[in-house]
Amino acid sequence: MSLLKRLEKEREGQNKAGTEESPKQQSSLDPYRELKIKIHREVIATLDRELKDKKEQSLFKGKQYAQKVEELINLLVDRDAGNFPRAERQKITMEIMDEVVGFGPIEPLIRDPEVSEIMVNGPHQVFVERQGKLQKTEVAFRDEEHVLHIIDKIVSPLGRRIDESVPMVDARLPDGSRVNAIIPPLSLVGPVITIRKFSEDPLTIQDLIRFGTLTPQMAAFLEACVKGRLNIIISGGTGSGKTSTLNVLSSFIPESERIVTIEDAAELQLHQEHLITLESRPSNIEGKGAITIRDLVRNTLRMRPERIIVGEVRSGEALDMLQAMNTGHDGSLTTGHANSPRDMLSRLETMVMMAGMELPVRAIREQMASAFDLVVQQARFRDGSRKITHLTEVVGMEGDIITLQNIFLYTTEGLDKRGRVKGYFKATGIKPRFLEKLGAAGVHVPDDLFLN
């Protein structure tokens, strides 16, 4: 039985049990629901007919297409709702436009510059993140079939599919926003969509200073570390801002260097001229043809990269990344999920073991200690703010243990009256041992940067 048919049967059962909204309830929530469905169907039918006509195919591109759709909708709205107030007609037109050329009810949220993340938890519950805080919206879909239609609209142009045999998918919107979708039977609340929005204007280091993510001294130190070709890993929890920080640090790479970026879904926004962007690929319908991050890292070593940037290490690619860093590819950058610099190294150790190579633990740790120079630890606090809490040097080995030393720290002091996190950044007073390496690369870091 197909997924849509199964969902329809489930809804019929819910209707009998009285748990689903009746047509009367639905029409009271949206009095123009039936009118919008009728006009939407007419628009789709008209576009289908014209698309079959080769003479009209040139109109189905970019702005021309959107303009044609809007003209057609306005014509039908004037015909069927000409006596409605102008504001209502405009609202109906915009909602049908969003359905035809956009992504339905969530299209206004995608356009909203203040929204950084959109979370669709089934058809009747949509949350967004604004300024680091989650908020429930009034947005809703008609039913589960409506959500599935929007998911299909997102993944189909990318050659992806989602159904009972493949109930999870990662994709991205045309603007680069990252999308994850998961559907029944894995999701018990109905189809779920999570969209991490793509910023049209990438953040700069000045933006991070203004947001209170770090201090000007820490920013100057990080810029020196990137220009001095140190290997850096940005560590943090989900939503802590790792990708944004990686993007900002990548902007310090000189224009003359050849950069290769490797990601699951391309999010980084680098503006250097000599840039190659690689993206992994899932398997096809037959379960074949997958290209993993690890495959791409291996291939990148044959592309004469001067900088390798991996969006996130999650598995066996950590071993290939370490080997690259230890064989002359200095200045590499990546991110990983962990709650502290020490935890990040422990997780890297586990990832290397996942590569299937039976290496002794000490050998793995020695590779890690010689590969990485700096751990940038980032955290998201309860007030929605994001801070770089540690800039930690990877010093080397003492016995079987990797030694670390903190260069900068963020210390919390509770909450203020508005519920915002209070705290302060401070230099520990320790000068990193890699200053000599930076000096050899022609990058000078003033000593007073490390004063308390």
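The values are calculated or read from the model by the stated rules, or taken from the named source; none is laboratory data. Bear in mind the structure is a predicted one, so any value in this text is a computation, not a measurement. All Cβ positions, glycine included, derive from the backbone under ideal geometry; neighbour counts span all protein chains shown. Only protein heavy atoms, including side chains, enter the accessible area calculation; ligands, DNA and RNA are left aside. Shrake-Rupley method; radii C 1.70, N 1.55, O 1.52, S 1.80 Å.
Once both labels are positioned 7 Å from their Cα atoms along Cα-to-Cβ, the gap between T403 and R258 label points is 3.8 nm.
For the range 62-211, a crude dipole built from +1 on the beta carbon of Lys and Arg and -1 on the beta carbon of Asp and Glu, taken about the Cα centre, is about 280 debye to the nearest 20. Here the gap between D170 and I182, fully extended at 0.36 nm per residue and compared with their Cα-Cα distance, gives a gain of 3.4 nm.
Think of it as helices only: each DSSP H run of n ≥ 4 in the chain is worth -39500 (n - 2.57), and spread over all residues that comes to -11500 deg cm²/dmol at 222 nm. Return, ordered by residue number, the residues of the range 221-239 whose backbone nitrogen is under 20 Å from a label point located 7 Å along Cα→Cβ of S346. The answer is 233-238, whose backbone nitrogens lie closer than 20 Å to the label point. Working from label points 7 Å from Cα in the Cα-to-Cβ sense, the V189 to D207 distance is 2.9 nm.
For the range 291-336, a simple Cβ point-charge model (Lys and Arg +1, Asp and Glu -1, everything else neutral) yields a dipole of about 120 debye relative to the Cα centre. Projecting label points 7 angstrom from Cα along Cα→Cβ for L359 and R41 puts them 6.2 nm apart. Farthest toward the positive end of the dipole of the chain, out of N299, T412, G159, is the Cα of T412, where the dipole comes from beta carbon charges about the Cα centre.
When both bridge partners sit in the range 165-282, DSSP labels roughly 65% of those beta bridges antiparallel. Applying 0.36 nm per residue to the separation of T238 and E88 and subtracting their alpha-carbon distance, the gain on full extension is 50.0 nm. Entry comment: accessible area of the range 333-444 is 50 Å² per residue, from protein heavy atoms only and a probe of 1.4 Å.
Here the chain has 50 percent of its accessible surface on carbon and sulfur atoms, given a 1.4 Å probe and all protein chains in place. Dipole orientation for the range 201-359: of the candidates G237, G356, T204, G356 has the Cα lying most toward the positive pole (charges on Cβ; Lys, Arg +1; Asp, Glu -1). Computed from point charges on the beta carbon alone (+1 for Lys and Arg, -1 for Asp and Glu), the dipole magnitude for the chain about its Cα centre is near 300 Debye.
Comparing A181, V394, P123 along the charge dipole axis of the chain, the residue lying farthest to the positive side is P123, per the Cβ-charge model. Relative contact order of the chain, taken over Cα pairs closer than 8 Å and 6 or more residues apart, is 10 percent.
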